[in-house]
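What follows is a set of notes on a single structure, which appears directly below.
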Amino acid sequence: MKSGIIGYYSTRFGELWERSLFDLVEESIRELLKDSKVDISRVDAIFFGNMLGGIIENNLHASAKLAEILGIHIPIFHTEAACASGGMAFHLAHNYVQSGKGKTVLVVGAEKMNDSSPEQITQALMSAASGEEQECGLTFPGLYALMAREYLSKYHYTKKHLAAVSVKNHLHALNNPTAQFQREITEEMVLQSPLVADPLGLLDSSPITDGAASVLISSDQALLKKGKSATILSSEIATDSISLMRRKSITGIEATQIAAQKAFKEARLTPADIQVAELHDCFTIAELMAMEDIGFWKRGEAGKRAGEYETLFSNGGNLIVNTSGGLKAAGHPVGATGIKQIGELYLQLTGQAKKRQIKKVRHGLAQNVGGSGGTAVVTILGI
């Protein structure tokens with residue numbers, strides 16, 4: 001059964017002090033339906049990706065809150081997979097449509113993070129790590145720093161190779177009006193930024209962000225023909241150990257490797273067929289590992305090739321990565337990130353990305369990661 005994305009809307013990402021979590025959710029849904037010219041009565045189900053609502057919002061029954069806001073009685077499912085909550089929601093929504101349970105499904109991801117103190121947010125985010133890691137006092141910057149130290153040592157790279165990821169993604173965010181940070185940075189600024197967890201500095205790290213994003217999935221041929229659409233070629237998930245110490249390797253994420261292999265097989269494509277990718281750059285090292293895990297670059301090449309800015313929009317290469325600005329510059333409202341990534345691919349594939357539009361793009365890939373790699377979702381879209 002052919003199904004596709006027929007609409008996308010994202011709120012502004014950033015420090016949105018005057019908005020609540022459900023203010024952002026409501027804006028995202030209502031504006032999506034308005035832009036797509038689809039009435040809520042045509043939506044058969046809603047999938048809501050959100051990680052932290054049960055902890056910092058003290059609200060585990062978000063599905064009923066959405067029903068209240070929208071005045072509807074359709075099935076609403078709340079999904080949680082740490083920072084992959086949005087990707088997981090999309091995956092389940094796609095399967096819902098493919099199973100024939102409904103023709104048109106709305107997927108929304110959202111997070112409200114800035115109303116809590118840094119200490120509260122850090123503790124809440126670490127609920128996605130193993131108990132042993134939490135007891136040792138590790139945080140996610142610390143976990144990714146362990147990966148970065150091992151990667152840099154194994155392949156003889158330096159912090160400068162990591163810094164190139166931040167510089168590139170900030171340049172891309174200059175042309176994204178919903179991005180949290182729309183300013184250029186330099187490698188020197190990244191290298192001189194305060195250390196968070198050696199070798200990762202402040203400018204190697206994605207920010208704390210508020211925001212919401214939504215997409216509409218449909219198999220209704222009338223809706224697919226009515227407006228611009230991007231076909232869902234595959235959406236695959238893999239999982240792994242929640243703790244780093246039980247992994248086969250910490251210079252890659254095996255869940256990403258497996259999900260990507262499955263996604264390419266289902267889509268009948270190879271990495272060479274992808275022109276645009278939205279990768280989970282929660283920290284600079286994560287984008288380098290993803291490029292190798294997915295198969296875009298060979299193992300050990302990512303530091304060198306990132307340092308040469310091969311995937312920068314203005315260089316016009318065969319593959320452009322994180323045109324939205326990625327998590328680093330566009331922002332990382334954890335439940336919304338996976339939806340924003342897929343929405344960016346939709347804009348690129350349907351020619352709606354404006355100043356950041358890639359020419360002759362036919363296939364796009366999104367990689368959404370939960371925690372330090374315990375969950376990975378890889379989605380491929382095409383036209």
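The values are calculated or read from the model by the stated rules, or taken from the named source; none is laboratory data. Because the structure is a prediction, the values reported are computed rather than measured. With ideal geometry, Cβ positions are generated from the backbone for all residues, glycine too; neighbour counts draw on all protein chains shown.
Residues of the stretch 277-332 being surrounded by fewer than 19 Cβ atoms within 10 Å (Cβ to Cβ) and of a type in the set (Phe, Trp, Tyr), which ones? Answer for the stretch 277-332, where residues must be surrounded by fewer than 19 Cβ atoms within 10 Å (Cβ to Cβ) and of a type in the set (Phe, Trp, Tyr): just Tyr309.
Looking only at residues that are at pLDDT below 95 and outside any loop (DSSP other than H, G, I, E, B) in the stretch 98-119, which one is nearest to Ser206 (Cα to Cα)? Per the stated criteria, the residue is Pro118. None of Lys160, Lys168 is crowded, with 22+ Cβ neighbours inside 10 Å, in contact (Cβ under 8 Å) with a residue 40 or more places away in the chain, in the same structural domain as Asp240 (by TED's automatic domain parsing) and more than 21 Å from Ala84 (Cα to Cα) except Lys168.
When we screen Ile242, Ile258, Ile237 for residues that are assigned to a helix (DSSP H, G or I) and under 20 Å from the mean Cα position of the chain (by Cα), the only hit is Ile258. Applying the condition of being of a type outside the set (Ser, Thr, Tyr) and surrounded by fewer than 18 Cβ atoms within 10 Å (Cβ to Cβ) to the stretch 78-109 and asking which residue is farthest from Leu233 (Cα to Cα) yields Lys101. Each residue in the stretch 187-210 was checked for being in a helix (DSSP H, G or I) and either free of Cβ contacts under 8 Å to residues at least 24 places away in the same chain or within 18 Å of Gly142 (Cα to Cα) (or both), and 8 pass.
Conditions tested, residue by residue: (1) at pLDDT 95 or above; (2) touching a His at 6+ places or on another chain (Cβ under 7 Å); (3) surrounded by 20 or more Cβ atoms within 10 Å (Cβ to Cβ).
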position: Thr186; (1), (2), (3): yes, no, no
position: Pro194; (1), (2), (3): yes, no, no
position: Asp198; (1), (2), (3): yes, no, no
position: Thr209; (1), (2), (3): yes, yes, yes
position: Ile217; (1), (2), (3): yes, yes, yes
position: Lys228; (1), (2), (3): no, no, no
position: Thr231; (1), (2), (3): yes, no, no
position: Thr251; (1), (2), (3): yes, no, yes
position: Ala255; (1), (2), (3): yes, no, yes
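Could you check, for the stretch 266-276, whether at least one of its residues is crowded, with 24+ Cβ neighbours inside 10 Å and either outside the structural domain of Asn169 (by TED's automatic domain parsing) or small (Gly, Ala, Ser) (or both)? Before the answer, list the steps.
The initial filter retains those residues of the stretch 266-276 that are crowded, with 24+ Cβ neighbours inside 10 Å, namely 274, 276.
Cutting the leftovers down to either outside the structural domain of Asn169 (by TED's automatic domain parsing) or small (Gly, Ala, Ser) (or both) gives us none.
Among the residues of the stretch 266-276, not one is crowded, with 24+ Cβ neighbours inside 10 Å and either outside the structural domain of Asn169 (by TED's automatic domain parsing) or small (Gly, Ala, Ser) (or both), which makes the answer no.
Going residue by residue through the stretch 345-359, is there one that turns out to be within 19 Å of Leu312 (Cα to Cα) and without any contact (Cβ under 8 Å) to a residue 12 or more places away in the chain? Checking the stretch 345-359: at least one residue is within 19 Å of Leu312 (Cα to Cα) and without any contact (Cβ under 8 Å) to a residue 12 or more places away in the chain.
Report every pair of residues separated by at least 6 positions or lying on different chains whose Cβ atoms are under 7 Å apart, first residue within the stretch 134-155 and in contact (Cβ under 8 Å) with a residue 40 or more places away in the chain and within 22 Å of His332 (Cβ to Cβ), second assigned to a helix (DSSP H, G or I) and of a type outside the set (A, V, I, L, M, F, W, C). Final answer for the pair search is Thr139/Thr122; Leu143/Glu133.
Evaluation of Ala213 against the conditions (1) part of a loop (DSSP other than H, G, I, E, B); (2) modelled with pLDDT of 95 or more shows that the sole unmet condition is (1). Taken over the stretch 51-97, the residue count meeting the criterion of being aliphatic (A, V, I, L, M), more than 19 Å from the chain's Cα centre (by Cα) and assigned to a strand (DSSP E or B) is 1.
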